[in-house]
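Structure first, then comments.
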Amino acid sequence: MAGMRLADKVLVHQAHPAKIGADVTASMVSNVLLWRGRPKIAVAARILVSVAGSAAVLSMANLDTLAKTRRGQYVLEHMPPSAQAIRLAGDTLMGFGAHRHSRALLLAGAAVIVAGWSHAAWPQASG
């Protein structure tokens, strides 16, 4: 990790299996809690599990090695702030869908998250 800039570490850690697992777990637990009408604990779970996953990966994972993998290279090349914002919007939509008991909004949110991860397939502006 010593050779990487902090901004690159933060970007690459998003592709670590433990971070992805923490985020998926946080979303699933939170969505179940939202569906059951427990919004305060749902929001806490969604944030705290994700932050804990980030803290663990950033402090313990070998991100230099991950940065050299296909996953690491992908996020370094194809995860600009706009793609990250789209992923966050999709997660927010999923939470709203769970709160409203709408399977359609949950699925739409998941599709938006996939779109955020699919930045490499987005049309590129020529310039």
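Quick one: in the range 89-127, which of the residues that are among the small types (Gly, Ala, Ser) and assigned to a loop (DSSP other than H, G, I, E, B) is nearest to residue 79 (Cα to Cα)? Checked the range 89-127; the qualifying residue nearest to residue 79 (Cα to Cα) is 118.
Which numbered condition in (1) open to solvent by 40 Å² or more (accessible area, probe 1.4 Å); (2) in contact (Cβ under 8 Å) with a residue 12 or more places away in the chain; (3) not hydrophobic (A, V, I, L, M, F, W, C) is the only one that residue 40 fails? Condition not satisfied by residue 40: (2).
Every test in (1) without any contact (Cβ under 8 Å) to a residue 40 or more places away in the chain; (2) closer than 27 Å to residue 7 by Cα; (3) not small (Gly, Ala, Ser) is passed by residue 29 save one, and that test is (2).
Tell me the residue from 45, 18, 89, 7 that is more than 30 Å from residue 124 (Cα to Cα), under 17 Å from the mean Cα position of the chain (by Cα) and open to solvent by 50 Å² or more (accessible area, probe 1.4 Å), please.
Just one listed residue meets the conditions, 18.
Within the range 59-80, is even one residue without any contact (Cβ under 8 Å) to a residue 12 or more places away in the chain, farther than 23 Å from residue 119 by Cα and surrounded by 14 or more Cβ atoms within 10 Å (Cβ to Cβ)? No, the range 59-80 contains no residue that is without any contact (Cβ under 8 Å) to a residue 12 or more places away in the chain, farther than 23 Å from residue 119 by Cα and surrounded by 14 or more Cβ atoms within 10 Å (Cβ to Cβ). Evaluated against (1) buried (at least 20 other Cβ atoms within 10 Å of the Cβ); (2) without any contact (Cβ under 8 Å) to a residue 24 or more places away in the chain; (3) among the charged types (D, E, K, R), residue 100 falls short on exactly one condition, (1).
The values are calculated or read from the model by the stated rules, or taken from the named source; none is laboratory data. Model, not experiment: these values are computed from the prediction. A quick note on method: Cβ atoms are made from the backbone with ideal geometry, for glycine too, and the neighbour counts reach across all protein chains shown. Accessible surface areas use protein heavy atoms only, side chains included; no ligands, DNA or RNA. Shrake-Rupley method; radii C 1.70, N 1.55, O 1.52, S 1.80 Å.
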